[in-house]
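The values are calculated or read from the model by the stated rules, or taken from the named source; none is laboratory data. Being a predicted model, the structure only gives us computed values, none of them experimental. Surface accessibility is based on the protein's heavy atoms, side chains included, excluding ligands, DNA and RNA. Shrake-Rupley method; radii C 1.70, N 1.55, O 1.52, S 1.80 Å.
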Amino acid sequence: MPFARIASVVAVLLVASIGLLHAEPPHSPPESGSEPAVNGSGPFANGKVIQAVGSGTIASRMLQKASFEAPKNQIKFEVQILSVDSETRDKIYAQLGDQKVQTQITNVTDASSELISDDELALGSRHTVTTSSIVSSAVIDPEQAEQLYALAKESEHSKVIARPNMIAGDGQTASIEQQVQRPFLSELKEIQHEGETAVQSGIHVLSEGTDVSVLGNVDGDALIVRTKIQQARVADVQQHHVYGIGDGQKTIQVPSHEVRQATATAKLLPKQILLLDPYFQSTERTDVSSGTPMLSNLPYLNKTFKQTKPKAVTMNTIVLLKAKRL
């Protein structure tokens, strides 16, 4: 081998040895909580949960940001929705007294006779039903609430429908819904398909149930509480024979959807309770038994000495709302 080539190989080996002597020692594995650098792999390079503020990938820092600011003052709302018969309801108002109860009546307004406008010349229809509405409210103390519960327990038909609890911030609205969906075949229309006319039916879904919304504002030691209760139900369903859509006779359902609302605002001191009566009524069918005393309770023979008749009971909705600052 020529001497020049041997000298060049020796020089390369010396440079490599010097580079190894000055090279940094190998990095130890990253400790828990630290983030290894990954070049060119984007913000989602590491999926570890980052605890330190300001460290980690872009994605981890975005996940650490709160989606909303937690309110300083939180309010817990305890709601009880009662269903009481008319006799129990009368006893409750007799116990409260007239001075505690506030009532507002909204009367029916006549629909104004409007002239036909240009945009109403096409074929169309509208069915509007208006009715008077009433709402009553009262602020009661815990002792009166216990007396109310005792009256409800004495009644054979009264019961608690729901007892939801909600937590919201100062000035924020909390709501709860108890609804069911009812479908109705109430839409028919003609469509063109491959040059022929066909009839397409559609389903219209209506909601039934009760919604309760509450909003609280801190006012010193008191709370300004605003509440709204809404009840929706299908009051009636009619069937109509329809002509002029497709060939011959078609049948559709025409439901009557009734929505009622009641609102109340009250200033509640600690432990005070808001009573809201939206005048929502419903009818329940129950069986009432009567018969000969003693004999109607005998096994196997009770049917002979006992009579059962159906009875319609009118039930009323009563809402009790308690607000507490956490």
Item to complete: For His240, His193, write out the residues from largest to smallest accessible area, computed with a 1.4 angstrom probe and no ligands counted.
Response: His193, His240
Fill in: the range 122-211: Rg to Rh, with Rh as the Kirkwood radius over Cα pairs
1.20
Practice prompt. First compute the accessible area of the range 88-234 with a 1.4 Å probe, then give the percent of it belonging to carbon and sulfur atoms.
Written response: 46 percent
Worksheet entry | Under-5 Å amide H pairs with Ser158, H placed in peptide plane, nonlocal only | Asp85
